[in-house]
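Below is one structure, written out as structure tokens; the observations come after it.
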Amino acid sequence: MSFEADIAVVGGGIVGMAVAERASAEFRDQKIVLLEKEKELASHQSGRNSGVIHSGIYYRPGSLKASLCREGRARLIEFCRAHSVPFEICGKVIVATSNDELPRLQALFERGVQNGLQAELIGAEALRELEPNAAGLRAVHVPEAGIVDYRRVTQALAREFNHRGGEILYGTRVDQISVHDQSAQITTTRGRLSAKRVINCAGLHSDRVCESAGLPAPARIIPFRGEYYDVASRAGTLCKNLIYPVPDPRFPFLGVHFTRMIGGGIECGPNAVLAFAREGYRWNDLNPRDLWETLTYPGFQKLAAKHWKMGLEEWRRSLLKSAFVSALKKLVPKIEPGDLTPRPAGVRAQAITMDGNLVDDFLIESQGRLFHVLNSPSPAATASLAIADFIVNLLKRSSINQPIDHLIRSPA
């Protein structure tokens with residue numbers, strides 16, 4: 001394979017596919033290709049999540065996560081309606097189960113109001129009306145939350161992209177990118193491609209793609225495996241919609257929760273344990289290079305030293321089903337170990353800086369012909385169409401032949 005394109009998008013998850021679809025709509029006279037190393041789209045984070053349409057309640061006002069989640073949610077619903085992708089706006093409750101969680105619940109409610117949500121702070125009686133089996137002192141009701149199958153959304157985006165003449169190259173891994181005066185040369189497992197713009201949406205491998213172009217990534221991707229369980233049909237009435245705990249603000253993980261799925265059934269989870277491979281969906285999935293890079297990275301070492309107690313608790317829930325169930329019982333006391341069966345895990349690509357801080361916002365950088373989406377965990381699926389608009393607007397700031405020469409970074 002050796003050919004030319006105007007725009008090349010790396011990564012066929014929902015963010016990469018949304019960027020390619022938006023670019024094909026905006027630049028109709030340009031040749032646009034998407035490079036995906038797997039045999040199908042949404043093989044990793046986009047196809048291995050709980051399918052929640054997030055409302056934007058969790059994210060710091062003024063951050064990219066807050067603004068793009070709110071905008072992306074509206075765009076996602078509009079897209080699903082237009083393309084007959086099933087979804088449901090069912091609402092969720094975020095439940096405080098102890099007195100020490102009440103101040104955090106109040107702060108979360110106030111953050112939601114700042115972000116423009118129609119959230120409501122409710123007492124135990126109102127909570128039982130919404131979720132009869134949930135235990136809690138107080139809760140925030142978020143009626144704008146919903147559920148969808150993000151793999152189907154990605155496939156619908158691909159159909160639109162193909163309809164406009166875009167091309168998806170499957171089984172094509174990017175190994176190196178070199179930038180020249182008139183183009184970027186992309187070396188792949190299937191040959192060479194020349195493109196005037198390259199947009200890196202490689203998710204779990206986004207930092208490596210960035211560094212393959214000779215640009216130091218500002219953060220390293222550390223993989224965290226999230227393990228889920230299916231709730232047996234006999235216990236299916238224990239959760240009507242979505243039941244979440246009050247999150248710990250020090251971490252980007254939301255804690256184990258109950259989620260009704262758009263295709264039927266209920267799942268619960270995930271926990272968050274270090275994965276031994278960037279695509280390590282099982283305990284015995286080990287990639288020596290991935291693990292070595294994680295363990296020797298100063299940022300991970302500092303993070304582990306600071307939060308080792310919480311890390312051990314996550315491992316305990318992974319190793320002991322009883323510990324996982326105990327966490328779930330805080331939300332729904334009637335759940336029992338026999339109600340749960342394992343379902344496929346997911347892996348979160350979490351960017352961590354050299355000083356040991358978790359990157360809490362989307363991280364998007366541009367330099368010359370290259371654009372890099374370097375941190376796009378949840379709510380990136382909800383925000384995907386807004387993220388795509390954000391990147392396409394950067395492309396529009398100059399002509400396709402005159403690259404942007406300065407760095408653009410998401411707000412701190």
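The values are calculated or read from the model by the stated rules, or taken from the named source; none is laboratory data. Because the structure is a prediction, the values reported are computed rather than measured. When we count neighbours, we look across all protein chains shown, and the Cβ atoms used for this are built from the backbone with ideal geometry, even at glycine.
If only one of G236, G280 is assigned by TED's automatic domain parsing to the domain that holds G338 and within 17 Å of the chain's Cα centre (by Cα), which one is it?
Exactly one residue qualifies, and that residue is G280.
How many of the residues making up segment 122-138 are of a type in the set (A, V, I, L, M, F, W, C), more than 27 Å from the chain's Cα centre (by Cα) and buried (at least 17 other Cβ atoms within 10 Å of the Cβ)?
Here the count works out to 4.
Can you tell me how many residues in segment 236-254 are in contact with a Leu (Cβ under 8 Å, 6 or more places away or on another chain) and either part of a helix (DSSP H, G or I) or under 19 Å from G51 (Cα atoms) (or both)?
Here is the first cut: in segment 236-254, the ones in contact with a Leu (Cβ under 8 Å, 6 or more places away or on another chain) are 240-241, 243-247, 251-252.
Filter once more, keeping what is either part of a helix (DSSP H, G or I) or under 19 Å from G51 (Cα atoms) (or both): 240-241, 243-245, 247, 252.
Here the count works out to 7.
So, of the residues in segment 170-198 that are among the hydroxyl-bearing types (S, T, Y) and in a loop (DSSP other than H, G, I, E, B), which turns out to be surrounded by the fewest Cβ atoms within 10 Å (Cβ to Cβ)? So that I can check it myself, show each step before the final result.
Pass one, segment 170-198, residues among the hydroxyl-bearing types (S, T, Y): 170, 172, 178, 183, 187-189, 194.
Still in the list and also in a loop (DSSP other than H, G, I, E, B): 172, 183, 189.
Working: T172: 21, S183: 20, T189: 12.
This residue is T189.
Say we look at segment 216-233 and pick out the residues that are in a loop (DSSP other than H, G, I, E, B) and among the small types (G, A, S); which of these is farthest from the chain's Cα centre (by Cα)? Give the steps one after another, and end with the answer.
Here is the first cut: in segment 216-233, the ones in a loop (DSSP other than H, G, I, E, B) are 216-219, 232.
Imposing the further condition that a residue be among the small types (G, A, S) reduces the set to 217, 219, 232.
Working: A217: 19, A219: 16, A232: 26 Å.
Only one residue tops the list, namely A232.
Here's the yes/no breakdown for (1) among the acidic types (D, E); (2) surrounded by fewer than 24 Cβ atoms within 10 Å (Cβ to Cβ):
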residue: V15; (1), (2): no, no
residue: D29; (1), (2): yes, yes
residue: L34; (1), (2): no, no
residue: S46; (1), (2): no, no
residue: L64; (1), (2): no, yes
residue: C69; (1), (2): no, no
residue: R75; (1), (2): no, yes
residue: P86; (1), (2): no, yes
residue: C90; (1), (2): no, yes
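If we keep just the residues of segment 314-325 that are without any contact (Cβ under 8 Å) to a residue 60 or more places away in the chain and surrounded by 13 or more Cβ atoms within 10 Å (Cβ to Cβ), which is nearest to P247 (Cα to Cα)?
Our first condition is that a residue be without any contact (Cβ under 8 Å) to a residue 60 or more places away in the chain; within segment 314-325, this holds for 314-316, 319-323, 325.
So of that shortlist, the ones also surrounded by 13 or more Cβ atoms within 10 Å (Cβ to Cβ) come out as 314-316, 321, 323, 325.
On the way: E314: 14, W315: 18, R316: 19, K321: 21, A323: 18, V325: 18 Å.
Out of the qualifying residues, it is E314.
Which of the residues belonging to segment 255-282 are assigned to a loop (DSSP other than H, G, I, E, B) and hydroxyl-bearing (S, T, Y)? Please lay out each step first, then the result.
First pass over segment 255-282, keeping only residues assigned to a loop (DSSP other than H, G, I, E, B): 255-256, 261-265, 270-272, 275-282.
Of everything in segment 255-282, just one residue is assigned to a loop (DSSP other than H, G, I, E, B) and hydroxyl-bearing (S, T, Y), namely Y281.
Residue by residue through segment 359-378, note down the ones that are over 25 Å from V148 (Cβ atoms) and assigned to a loop (DSSP other than H, G, I, E, B).
V359, R369
Residue by residue, here is whether (1) within 15 Å of G13 (Cβ to Cβ); (2) in contact (Cβ under 8 Å) with a residue 40 or more places away in the chain; (3) touching a strand residue (DSSP E or B) at 6+ places or on another chain (Cβ under 7 Å) holds:
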| position | (1), (2), (3) |
| --- | --- |
| D175 | no, no, yes |
| D181 | no, no, no |
| Q185 | no, no, yes |
| A195 | no, yes, yes |
| N200 | yes, yes, yes |
| S206 | yes, yes, yes |
| E211 | no, no, no |
| R225 | no, yes, yes |
| Y228 | no, yes, yes |
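Just the residues that are out of contact with any Ser or Thr (no Cβ under 8 Å at 6 or more places or on another chain), farther than 19 Å from F258 by Cα and part of a helix (DSSP H, G or I), please, taken from segment 115-152.
E125, R152
Looking only at segment 199-215, filter to residues that are outside any helix (DSSP H, G or I) and among the aliphatic types (A, V, I, L, M); which one of those is surrounded by the fewest Cβ atoms within 10 Å (Cβ to Cβ)?
Looking only at segment 199-215, we keep the residues that are outside any helix (DSSP H, G or I), and these are 199-202, 213-215.
Now restrict to residues that are among the aliphatic types (A, V, I, L, M): 199, 202, 213, 215.
On the way: I199: 30, A202: 31, A213: 21, L215: 19.
Ranking the candidates gives L215 first.
Out of everything in segment 229-253 that is among the hydroxyl-bearing types (S, T, Y) and surrounded by 20 or more Cβ atoms within 10 Å (Cβ to Cβ), what residue ends up being farthest from A323 (Cα to Cα)?
Here is the first cut: in segment 229-253, the ones among the hydroxyl-bearing types (S, T, Y) are 229, 233, 237, 244.
After this cut, where a residue has to be surrounded by 20 or more Cβ atoms within 10 Å (Cβ to Cβ) as well, the list is 229, 244.
On the way: Y229: 13, Y244: 17 Å.
Selected residue: Y244.
Working carefully through the options A381, A351, find the one that is at pLDDT 90 or above, in a strand (DSSP E or B) and in contact with a helix residue (DSSP H, G or I) (Cβ under 8 Å, 6 or more places away or on another chain).
Working: A381 fails: in a strand (DSSP E or B).
A351 is the lone residue from the list that is at pLDDT 90 or above, in a strand (DSSP E or B) and in contact with a helix residue (DSSP H, G or I) (Cβ under 8 Å, 6 or more places away or on another chain).
Quick test of your reading of the structure: V113 fulfils all but one of (1) in contact (Cβ under 8 Å) with a residue 12 or more places away in the chain; (2) over 28 Å from Q45 (Cα atoms); (3) among the β-branched types (V, I, T); (4) out of contact with any strand residue (DSSP E or B) (no Cβ under 7 Å at 6 or more places or on another chain). Name the failing condition by number.
(1)
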